[in-house]
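Here is the structure we will look at.
The values are calculated or read from the model by the stated rules, or taken from the named source; none is laboratory data. The structure displayed is predicted, hence computed values, not measured ones. Cβ coordinates were reconstructed from backbone atoms using ideal geometry, including for glycine residues, and neighbour counts include every protein chain displayed. Each accessible area value is taken on the protein alone, full model and side chains, heavy atoms only, with ligands, DNA and RNA left out. Shrake-Rupley method; radii C 1.70, N 1.55, O 1.52, S 1.80 Å.
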Amino acid sequence: MKVLVIPEDPSLDQYILKPLAAQLFAELGIPARVEVLWNPRLRGVSQALDGAVISDIMATYSMIDLFLLLVDRDGEEQRAEKVRAREEEHPGRLIACLAIEEIEVWMLALHRDSLSRPWSSIRAARDPKERFARPFLAERAPRLDAGAGRKWAMRGVGAQWKGIVEVCPELGALRQRIEDWRGRGRS
């Protein structure tokens with residue numbers, strides 16, 4: 001099965017989203033080749049949620065079995081409406097998930113036991129990338145690591161998957177939606 005992850009910007013997001021998506025499919029027992037969209041290179045959530053842009057991507061990559069639209073919520077509740085609209089435009093081919101509040105929180109979930117702040121404060125923060133993820137990576141990640149340390153930070157995703165899903169319920173919901181999609185005979 002071919003899966004294409006659509007991020008709001010692949011330059012750093014790919015180092016979090018690709019291993020997470022690959023682990024999600026592995027955990028479901030679905031053999032999948034997961035790639036992250038680079039062409040066109042989206043630059044921001046407004047492009048990633050634009051209906052015409054998504055339609056063009058899906059037409060260009062017609063050989064893809066499932067598209068995953070994975071973007072930050074950034075505290076903007078109305079993004080859920082845009083996400084649902086994109087899914088309704090492409091039923092059975094596009095599943096979306098909003099990270100609360102940013103995908104870097106999914107990365108931090110791997111390291112939550114070693115963080116100096118309570119997990120609840122990280123989940124509740126409006127700007128967790130700036131407040132928690134960047135300082136964490138600056139302090140602990142190897143300086144020359146890909147993705148400004150994100151590749152290093154995601155190396156334990158397989159062993160920590162169940163714990164991540166427990167503390168990031170939107171990933172559990174995404175997992176369930178993919179399982180339901182497969183149950184409808186699409187894998």
Within the bounds of the range 115-133, is there any residue that is assigned to a loop (DSSP other than H, G, I, E, B), in contact with a Phe, Trp or Tyr (Cβ under 8 Å, 6 or more places away or on another chain) and open to solvent by 10 Å² or more (accessible area, probe 1.4 Å)? yes
Kindly indicate the residue of the range 84-107 that is over 13 Å from the mean Cα position of the chain (by Cα) and hydrophobic (A, V, I, L, M, F, W, C) and also farthest from residue 52 (Cα to Cα) among those meeting that condition. 94
Filter the range 84-111 down to residues that are in a helix (DSSP H, G or I) and open to solvent by 50 Å² or more (accessible area, probe 1.4 Å) and give me whichever is nearest to residue 153 (Cα to Cα). 84
Give the range 56-72 a look and list any residue that's open to solvent by 40 Å² or more (accessible area, probe 1.4 Å) and either within 27 Å of residue 128 (Cβ to Cβ) or of a type in the set (Gly, Ala, Ser) (or both), or say none. 59, 62
When both residues are 6+ apart or on different chains and their Cβ atoms are under 9 Å apart, which pairs have a first residue that lies in the range 138-160 and is outside any helix (DSSP H, G or I), and a second that is open to solvent by 70 Å² or more (accessible area, probe 1.4 Å)? 141/151; 145/151; 154/18
The range 2-55, residues that are in a loop (DSSP other than H, G, I, E, B), in contact (Cβ under 8 Å) with a residue 24 or more places away in the chain and either at negative phi or buried (at least 18 other Cβ atoms within 10 Å of the Cβ) (or both): 7, 8, 9, 30, 31, 32, 37, 38, 41, 42, 43, 49
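Results for (1) among the hydrophobic types (A, V, I, L, M, F, W, C); (2) at pLDDT 95 or above, shown as yes or no for each residue.
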{"position": "93", "(1), (2)": "no, yes"}
{"position": "103", "(1), (2)": "yes, yes"}
{"position": "123", "(1), (2)": "no, yes"}
{"position": "137", "(1), (2)": "yes, yes"}
{"position": "141", "(1), (2)": "yes, yes"}
{"position": "145", "(1), (2)": "no, no"}
{"position": "154", "(1), (2)": "yes, yes"}
{"position": "175", "(1), (2)": "no, yes"}
Is it true that some residue in the range 164-184 is without any contact (Cβ under 8 Å) to a residue 24 or more places away in the chain, small (Gly, Ala, Ser), farther than 17 Å from residue 24 by Cα and surrounded by 12 or more Cβ atoms within 10 Å (Cβ to Cβ)? no
Complete set of residues in the range 81-125 that are charged (D, E, K, R), without any contact (Cβ under 8 Å) to a residue 60 or more places away in the chain and within 17 Å of residue 167 (Cα to Cα): 101, 102, 112, 113, 117, 123
Restricting to the range 144-155, name every residue that is within 16 Å of the chain's Cα centre (by Cα) and surrounded by fewer than 16 Cβ atoms within 10 Å (Cβ to Cβ). 155
Matching residues in the range 67-83 - criterion: being part of a helix (DSSP H, G or I) and within 23 Å of residue 16 (Cβ to Cβ): 79, 80, 82, 83
